[in-house]
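Nothing in this text is a laboratory measurement; each read-out follows from the coordinates by a stated rule. Bear in mind the structure is a predicted one, so any value in this text is a computation, not a measurement. Quick reminder, even Gly has a Cβ in these numbers, built from the backbone with ideal geometry, and neighbours come from all protein chains shown.
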Amino acid sequence: MPDNAFIVELSNYFRTIVAHLTKEWNKRMVDNLNFTQTKMLSLLDANGPMKASRLAEELCMTSGALTGIADKLIASDHIVRERDENDRRVVYVRITEKGRRALKEVRVRQKETLSLVFKI
């Protein structure tokens with residue numbers, strides 16, 4: 001069984017790293033996109049249009065939480081909602097060209113952030 005002191009120390013290091021990454025991430029935000037919004041854009045870019053319910057599941061959030069995040073990304077023209085032509089109850093979410101451009105810039109800045117934090 002692992003030494004409890006080691007686990008506590010490892011946990012403290014982890015929190016410090018996450019706090020530092022978050023601070024640097026926030027300095028380098030693109031279009032004021034937070035981590036969750038960026039993850040949503042990344043999923044949509046990789047998978048194409050997704051049902052809102054599946055997107056919420058992939059992001060480990062409720063559909064209500066997804067709606068709030070999606071509304072902000074729609075307002076900023078990073079994503080759009082589209083209804084299924086055959087079943088109007090089904091809603092798909094799709095990344096826009098502006099969303100793709102922002103995601104590309106985010107990825108560049110992510111590399112810069114990781115390089116800075118980990119001195120790579």
Cα extents of region 80-120 along the three principal axes, largest first (Å)
52, 17, 8
Separation of alpha-carbon centers, region 57-120 and region 1-51, rounded to whole Å
15
Can you give the Rg and Dmax of region 4-118 based on its C-alpha atoms, in angstrom?
16.8, 58
Place a +1 charge on the Cβ of each Lys and Arg in region 4-118 and a -1 charge on the Cβ of each Asp and Glu, then give the dipole magnitude about the Cα centre in debye, rounded to the nearest 20.
200
Cross-link reach from residue 27 to aspartates and glutamates, straight Cα distance under 17 Å and at least 8 residues apart if same chain, gives 105, 112
In the Gaussian network model of the chain, springs joining C-alpha atoms below 10 Å, which of 48, 64, 99 carries the largest mean-square fluctuation?
64
Can you give me the relative contact order of region 4-118 as a percent, contacts being Cα pairs under 8 Å and 6 or more apart?
30
Any idea what angle helix 63-75 forms with the longest principal axis of the chain, computed on alpha-carbon atoms, 0 to 90 degrees, nearest 10?
80
Any idea what angle helix 97-118 forms with the longest principal axis of the chain, computed on alpha-carbon atoms, 0 to 90 degrees, nearest 10?
0
Once the dipole of the chain is set up with Lys and Arg at +1 and Asp and Glu at -1 on Cβ about the Cα centre, which of 61, 110, 48 lies farthest towards its positive end?
110
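Which value at 222 nm does the chain reach when only helices count, each DSSP H run of 4 or more adding -39,500 (n - 2.57), with the total divided by all residues and rounded to the nearest 500 deg cm²/dmol? Each step should come with its number before you reach the end.
Working: 5 runs with 79 residues, N = 120.
Result for the chain: -22000 deg cm²/dmol, rounded to the nearest 500.
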